Amino acid sequence: MRALIAAVIVAFLVGGGSAQAQDAKPRVRLHDTAPLTLRGVNFEPAEAVRLVVKLGDRTVVRKLQATRSGSFTSIYPAMRYTRCNGSLEVTASGRTGSRVSWELTPLECPTRADE
């Protein structure tokens, strides 16, 4: 009887953990600013993802594929991000419905004349 109860508890805990992982929302975060590097997590395994990055007046569109664990990394060697050089907008749309979008707005940074 105790073995059966222990098995049910283990099954519940394992099932609950995987349910939490399935409920995790996709995210894209700023991993590095120079060069600009974005890291996506919690997408569907091997999901095709369209990533749109707008930095100031420049827009780059990439088509990626998430790994089996649902992650990706995208590096932009010619782009550097600072909070003073314009807004950064990121939109990731997955073929199976995953979607995330965010924007970092620029700060009012002093110019040489202001110092």
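How many residues does region 21-78 hold that are under 25 Å from residue 106 (Cβ atoms) and of a type in the set (A, V, I, L, M, F, W, C)? Number satisfying all stated conditions: 13. The listed residues are 59, 96, and the only one of them that is out of contact with any Leu (no Cβ under 8 Å at 6 or more places or on another chain), polar (S, T, N, Q), in a loop (DSSP other than H, G, I, E, B) and modelled with pLDDT of 90 or more turns out to be 96. Checking the structure you have, find out if any residue of region 15-24 is at pLDDT below 95 and within 13 Å of the chain's Cα centre (by Cα). Yes, some residue in region 15-24 is at pLDDT below 95 and within 13 Å of the chain's Cα centre (by Cα). Identify all residues within region 62-93 that are more than 14 Å from residue 36 (Cα to Cα) and either touching a residue at least 40 places away in the same chain (Cβ under 8 Å) or not in a strand (DSSP E or B) (or both); write none if there are none. Answer for region 62-93, where residues must be more than 14 Å from residue 36 (Cα to Cα) and either touching a residue at least 40 places away in the same chain (Cβ under 8 Å) or not in a strand (DSSP E or B) (or both): 66, 67, 68, 69, 70, 71, 84, 91, 92, 93. The one condition from (1) of a type in the set (A, V, I, L, M); (2) surrounded by 14 or more Cβ atoms within 10 Å (Cβ to Cβ); (3) over 15 Å from residue 40 (Cβ atoms) that residue 64 does not meet is (3). Counting only residues that are in contact with a strand residue (DSSP E or B) (Cβ under 6 Å, 6 or more places away or on another chain) and among the β-branched types (Val, Ile, Thr), region 65-115 holds 5 of them.
The values are calculated or read from the model by the stated rules, or taken from the named source; none is laboratory data. What you are looking at is a predicted structure, and each value in this text was computed from that prediction instead of being measured. So basically every Cβ, Gly included, is an ideal-geometry build from the backbone, and we count neighbours across all protein chains shown.
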